[in-house]
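**Q** This is the structure, below, for whatever I ask next.
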Amino acid sequence: MSAIHLSCISPFLLLQLPNSKPIKNTRIKSSERKIEIRVCTNRTCRKQGSLDTLQVLSGIAPPFITVNSCGCLSHCGAGPNVVVLPDAVFVKHCGTATRAAEIMAFLCLGRDDVEGESRKILEALAFRKRAEDEMGNGNFSEARRLLSQAIDLKLFGGVHIMLKDRSAAELAMGNLAEALEDAKEALTIAPNYPEGYICQGDALMALDQVDAAERSYSMALELDPSIRRSKSFKARIVKLKEKLALTNLA
């Protein structure tokens, strides 16, 4: 991926924090360091839509960009407010999906003519949302079709999430090889993606590759120890232990 430039600041009303590098000299190469986007979810920004902003940014971020919530960033009248780290660059008035998509595209592509790319992002997110609804209704084939349309848009970010979701749809349909392939592809794009390892573990379990499934679940737990408290993860481990016990008896 090309260098990320934060020099053309006018489209996004970027504000420099004290003691940070001059924006015009800032160049971030994704291969050299990570980027974090923090979204204020304090009271005022929350009322202005920052939770939606957080959801959109999280859904379209490439693996080298992490998105987290945070407390007040000041500038409350100009919210929802976002700060891009490590260069401490503020982005204000980030209260719509379009705005969030433009900011992410600007960061990743390093140019300010991102209108076309941001439209693709919003289209992909719409496909993914419809796919989630179809999954919830048990329409797994339609969910797979919608997710494939989203993936075919070839976005710069969020593809690993869509592949993980399509893997779950394939698994629900009994397409075990395809489910495993999608999970592996998601992890190729994002090697530190805990949900990708869980999805891979699910496919391996369905294929009766129990030892490999155990390694995949263990990797997910290593990356995100908090999933240990998840009821769904606990249920997976119970099922895994049962299968391991049967394997040892055979």
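**Q** Taking Leu163 as meeting all but one of (1) crowded, with 21+ Cβ neighbours inside 10 Å; (2) more than 17 Å from the chain's Cα centre (by Cα), write down the number of the exception.
**A** The one condition Leu163 does not meet is (2).
**Q** Keeping to the range 38-78, report how many residues are open to solvent by less than 20 Å² (accessible area, probe 1.4 Å), touching a strand residue (DSSP E or B) at 6+ places or on another chain (Cβ under 7 Å) and part of a helix (DSSP H, G or I).
**A** The qualifying residues number 3.
To keep it simple, each residue is scored yes or no on (1) at pLDDT 90 or above; (2) assigned to a helix (DSSP H, G or I).
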{"residue": "Pro80", "(1), (2)": "yes, no"}
{"residue": "Val83", "(1), (2)": "yes, no"}
{"residue": "Ile103", "(1), (2)": "no, yes"}
{"residue": "Asp113", "(1), (2)": "no, no"}
{"residue": "Gly116", "(1), (2)": "no, yes"}
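**Q** Closer than 30 Å to Phe90 by Cβ, in contact with an Asp or Glu (Cβ under 7 Å, 6 or more places away or on another chain) and open to solvent by less than 50 Å² (accessible area, probe 1.4 Å): which single residue out of Leu146, Leu109 fits that description?
**A** Leu109
**Q** I've got another one for you. If the requirement is being at pLDDT below 95, not charged (D, E, K, R) and not in a helix (DSSP H, G or I), which of these qualifies: Gly174, Gly157?
**A** Selected residue: Gly157, the only one of Gly174, Gly157 that is at pLDDT below 95, not charged (D, E, K, R) and not in a helix (DSSP H, G or I).
**Q** Restricting attention to the range 239-250, and to residues there that are loosely packed, with under 12 Cβ neighbours inside 10 Å and assigned to a helix (DSSP H, G or I), which single residue is modelled with the highest pLDDT?
**A** Here the residue is Glu242.
**Q** Could I ask something else about it? Can you tell me which residues in the range 181-238 are in a helix (DSSP H, G or I), in contact with a helix residue (DSSP H, G or I) (Cβ under 7 Å, 6 or more places away or on another chain) and open to solvent by 50 Å² or more (accessible area, probe 1.4 Å)?
**A** Lys184, Glu185, Ile189, Glu195, Glu214, Met219, Leu223, Arg228, Arg236
**Q** Kindly indicate whether Arg128 is touching a residue at least 60 places away in the same chain (Cβ under 8 Å), open to solvent by less than 50 Å² (accessible area, probe 1.4 Å) and within 18 Å of the chain's Cα centre (by Cα).
**A** yes
The values are calculated or read from the model by the stated rules, or taken from the named source; none is laboratory data. Small disclaimer: the values here were computed from a predicted structure and weren't measured. Every residue, glycine as well, gets a Cβ built from its backbone with ideal geometry; the counts of neighbours run over all protein chains shown. When the accessible area is computed, the model is the full protein with side chains, heavy atoms only, and any ligands, DNA or RNA have been set aside. Shrake-Rupley method; radii C 1.70, N 1.55, O 1.52, S 1.80 Å.
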